[in-house]
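**Q** Let me begin by handing over the structure; questions about it come next.
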Amino acid sequence: YNTSYQILYHKITTSSSNVTDMLKKFTSDSDSNIFGFSDKTYDSTVSAIINTDSGNAIVTDCAKAEKIIIDKAVFLPLFSGSSYAVVNKGVDGIYFSPAFESACLISGGHS
């Protein structure tokens, strides 16, 4: 890959809405790491996220991993989209999956 650029806008997507799928794209050994980023602390943090069952540890380590890639200007998320959802006032419990461009209505309701 040509890495002599100062800035690159590139669409980065995953096949799921799992946070580790996005974070794994920037690990040193990832085939998707088009940026050539390499950081042992980042790699071990992502590995810890993947290998833990603790919800609190996952949240803490995700924040740590995201801080590493943002502080080192590897990845700055820019969000845009062409899909919108309009719901009635008081509707809650609807969750959206940007990876699949779908909505989960299982716990949806009207308060």
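Computed from the coordinates by the stated procedures, all read-outs in this text should not be read as laboratory data. Owing to the predicted nature of the structure, the values given are computational and were not obtained by experimental measurement. Counting neighbours? That spans all protein chains shown, and the Cβs are built from the backbone with ideal geometry, glycine included.
**Q** Based on the Cβ-Cβ distance of Val59 and His110, what FRET efficiency does E = 1/(1 + (r/R0)^6) give at R0 = 25 Å, to the nearest 0.05?
**A** Numbers: r = 30 Å, r/R0 = 1.18.
E between Val59 and His110, to the nearest 0.05, is 0.25.
**Q** At 0.36 nm per residue, minus the direct Cα-Cα distance, what do Asn51 and Ile94 gain on full extension? Give it in nm, one decimal, please. Walk me through the numbers on the way to the answer.
**A** Working: separation 43, 0.36 × 43 = 15.48 nm, distance 2.88 nm.
Gain on stretching Asn51 to Ile94: 12.6 nm.
**Q** Next question. May I ask you to list the lysines whose Cα is less than 27 Å away from that of Lys72, ignoring any residue fewer than eight positions away on the same chain?
**A** Lys11, Lys24, Lys25, Lys40, Lys64
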